[in-house]
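Only the coordinates and a few stated rules stand behind these numbers; no lab work does. Everything numeric here is computed off the predicted structure, so don't read it as measured data. Ideal geometry is used to build each Cβ from the backbone, glycine not excepted, and the neighbour counts take in all protein chains shown.
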Amino acid sequence: MTATPILFDCDPGHDDAIALVMAHRSPAVELLGVTTTCGNAELEKTTSNALRILEYLGASNVPVAAGCVRPLARPLVLGTADGPSGLDGSPYLPEATIKPVEQHAVDFLADKLRASAEPLTVVATGPLCNIGLMILKHPDVLSKIKQLIWMGGVFFRKSEIITPTEFNAFCDPEALKIVLDSGIDILMVGLDVTMQVLIEKPQYDELATIDTPLGKLVHDWLLFYEKLHRNSMGVGGAMHDPLALALVIDPTLVKTRPAHIGVDLSGSYTFGATVADYWGERGEKDNARIAYEVNAERFFKLMFDLLRK
């Protein structure tokens, strides 16, 4: 199997953490570097979490670059699902001894793209601050992005923020607009599909059979992470970011459809909403593909198989 080289932009975050585990453990993925942004917690915390996870996995050789401390055009609004540290519920996960590289994430991403002989896949599972700023600062690298797989947006179903918004879009909608207008190949993995991959009793029962330190760590992460979902929506934790990463390994897990996506930058009630024009009513070209259906059973098999390795 030929591994797909990726750059992973994230804001860990429990579900980002599980996606990092999957990226490291899958032979189908070559993790070239990790960049961090604000979102689920402040940048210092999300960067610390990425370093802790990678060192715990034995992946200290994967470079980590810290990025934007706030959204491009507005104050930072933090996510609430992951606790103040961004990774609450894992007190025995050691602090990292490794450090991030000195280079800012935006420049790190651009240099990695330039240095690659072939265009690279970028997976982004947080607000798009780093990607949006990179597009503005380094427009020459856009042709080196094979595909951007972004966990974000919501189109048909209830959201975890004010319907119809999704947190990553809501946190930095200006960055999202820059990315959508850039012309790069974008696959949006939003709540329409991620809310179909929920950790409920059958998944907890399966996870309980993975009697390893990593299995126990992921179990503890999920017990904390599901609290917001359970309390606010009556469902278990959604595997938002792991699903986005899984599409590098198996793109057939989801069905997609093209559309022109706009983002509301000023609405009183729909600020940050992603709006899909499937039928070209606005006369604008398609600028993304939206995942609208997922094979949840196959996704969970893939995820648990990687945790067992």
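Taking amide hydrogens as modeled 1.01 Å from N in the peptide plane, which residues meet the under 5 Å criterion relative to ILE186, leaving out close sequence neighbours?
Residues meeting the amide H criterion: LEU148, ARG289.
How large is ³J(HN,Hα) for each residue in segment 279-291, as worked out from phi by the Karplus curve 6.51 cos²θ - 1.76 cosθ + 1.60 (θ = phi - 60°), to whole Hz, x for Gly and Pro?
Values, residue by residue: 10, x, 5, 8, x, 10, 5, 4, 10, 6, 10, 10, 6 Hz.
Compare the peptides 97-105, 41-49 by average per-residue count of other Cβ atoms within 10 angstrom and give them in order, highest first. Numbers along the way, then the final one.
Details: 97-105: 15.3, 41-49: 22.6.
Taking the mean over residues of other Cβ atoms within 10 Å, the ranking is 41-49, 97-105.
Just flag the chymotrypsin sites (Phe, Trp or Tyr not before Pro) in segment 200-284 sitting in loop per DSSP whose Cβ has no more than 10 other Cβ atoms within 10 Å. Before the final figure, lay out each step's value.
Values: sites: TYR204, TRP221, PHE224, TYR225, TYR269, PHE271, TYR278, TRP279; in loops: TYR269, PHE271, TYR278, TRP279.
Those that pass, being in a loop and sparsely packed, are TYR269, TRP279.
Check which residues have an amide H placed less than 5 Å from THR35's amide H, if you skip close sequence neighbours.
Placed amide hydrogens put PHE8, ASP9, CYS10, ALA65 under 5 Å from THR35.
Please give me the summed charge of the neighbours of ASP107: other residues whose Cβ is under 12 Å from its Cβ, Lys and Arg +1, Asp and Glu -1. Write out the running numbers ahead of the final one.
Values: positive: LYS112, ARG114, LYS137; negative: GLU102, ASP111.
Summing Lys and Arg as +1 and Asp and Glu as -1 gives +1.
Take each of the peptides 14-21, 284-291, average the number of other beta-carbon atoms within 10 Å over its residues, and list them starting from the highest.
Numbers: 14-21: 28.1, 284-291: 18.8.
Put in order of decreasing packing, that is 14-21, 284-291.
Which of GLY272, GLY280, GLY153 ends up with the largest GNM mean-square fluctuation for the chain, with Cα atoms connected below 10 Å?
Comparing GLY272, GLY280, GLY153 in the GNM, the peak value goes to GLY280.
Antiparallel DSSP bridges in the chain: what percent, to the nearest 5? Provide the component values of the computation, followed by the final result.
Working: 11 of 35 bridges.
The answer is about 30 percent antiparallel.
Comparing ARG257, ARG70, ARG25, which has the greatest mean-square fluctuation in the GNM of the chain with Cα pairs linked when under 10 Å apart?
Its mean-square fluctuation being the largest, the pick is ARG257.
Tell me what the chain gives for mean residue ellipticity at 222 nm when only DSSP H runs of n ≥ 4 count, each as -39,500 (n - 2.57), the sum divided by the residue total, rounded to 500 deg cm²/dmol. Could the numbers behind the result be given before it?
Numbers: 11 runs with 115 residues, N = 309.
Helix contribution divided over all residues of the chain: -11000 deg cm²/dmol.
Place the peptides 128-134, 187-193, 89-95 in order of packing, highest mean first, counting for every residue the other Cβ atoms within 10 Å and averaging per peptide. Don't jump to the answer; show the numbers that get you there.
Values: 128-134: 28.7, 187-193: 26.0, 89-95: 12.7.
Put in order of decreasing packing, that is 128-134, 187-193, 89-95.
Taking only Cα atoms and a 10 Å spring cutoff, compute GNM fluctuations for the chain and point out the largest among PRO139, PRO213, PRO75.
Of PRO139, PRO213, PRO75, the Gaussian network model singles out PRO213 as fluctuating most.
Eigenvalues of the Cα gyration tensor times 5, then square-rooted: what semi-axes does that give for the chain, in whole angstrom, largest first? Don't skip to the end; give the middle numbers.
On the way: eigenvalues 139, 103, 73 Å².
Result for the chain: semi-axes of 26, 23, 19 Å.
Placing unit charges on C-beta atoms (Lys and Arg positive, Asp and Glu negative, everything else neutral), compute the dipole magnitude of segment 4-308 about its Cα centre in debye, rounded to 20. Mind dumping the intermediate values first?
On the way: 26 positive and 39 negative charges, 39 e Å.
Dipole size: approximately 180 debye.
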